[in-house]
Amino acid sequence: MNTATIRAVIKHQVDRNAKLIRAKIECSDKPVKSAELEHYFGVAGSIVRDCIRDLRRAGVLIIGDDEGYSIVKTYEEYQHLRNSLRSRCLSMFATIKKMDESALKQFQKSEPQIRELTMVGDE
């Protein structure tokens, strides 16, 4: 099998897993824990998280907390989801900033060389 075929097979499997996970969450009257999804579909936790991320990127409003995953039903739940994701992003950007500062010192690079590594919009 060539690389393109392998990628297509993997993408198909990921799409299939995401659809199954979405259906399971949508059909449940209570939040569904990651462990339950892992066991039910026979996949690792990282696969569940990747599928949730892909579904969110496709516009599916899924909230996740200590209770499990569920579909967002109110605007207030959406605001909570958005604020949670935003907070995680800001934390990651703060981490990148500190790592950049350390790299400047450790590798004796200039600011422009380090800035090449940063993501678009990180300013």
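Nothing in this text is a laboratory measurement; each read-out follows from the coordinates by a stated rule. Bear in mind the structure is a predicted one, so any value in this text is a computation, not a measurement. Ideal geometry is used to build each Cβ from the backbone, glycine not excepted, and the neighbour counts take in all protein chains shown.
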Partner lysines whose C-alpha sits under 22 Å from that of Lys33, ignoring same-chain residues fewer than 8 away, are Lys19, Lys24, Lys73
The answer for GluC sites (Glu not before Pro) in segment 1-105 that fall in a DSSP coil and have at most 15 neighbouring Cβ atoms within 10 Å is Glu67
In degrees, nearest 10, the alpha-carbon axis of helix 75-106 is tilted away from the dominant principal axis of the alpha carbons of the chain by 30 degrees
The answer for trypsin sites (Lys or Arg not before Pro) in segment 8-103 that fall in a DSSP coil and have at most 12 neighbouring Cβ atoms within 10 Å is Lys73
One finds the C-alpha centres of segment 80-101 and segment 6-46 to be spaced, in Å, by 26 Å
To the nearest 10 degrees, the tilt of helix 3-27 (Cα long axis) against the first principal axis of the alpha carbons of the chain is 60 degrees
Excluding residues fewer than 8 positions from Lys105 in its own chain, the lysines with Cα under 17 Å of it are Lys97
If the label point sits 7 Å along Cα→Cβ of Ser91, residues of segment 36-52 with amide N under 18 Å come out as 46, 49-50
The size of the Cβ-based charge dipole (Lys, Arg +1; Asp, Glu -1) of the chain about the Cα centre, to the nearest 20 debye, is 300 debye
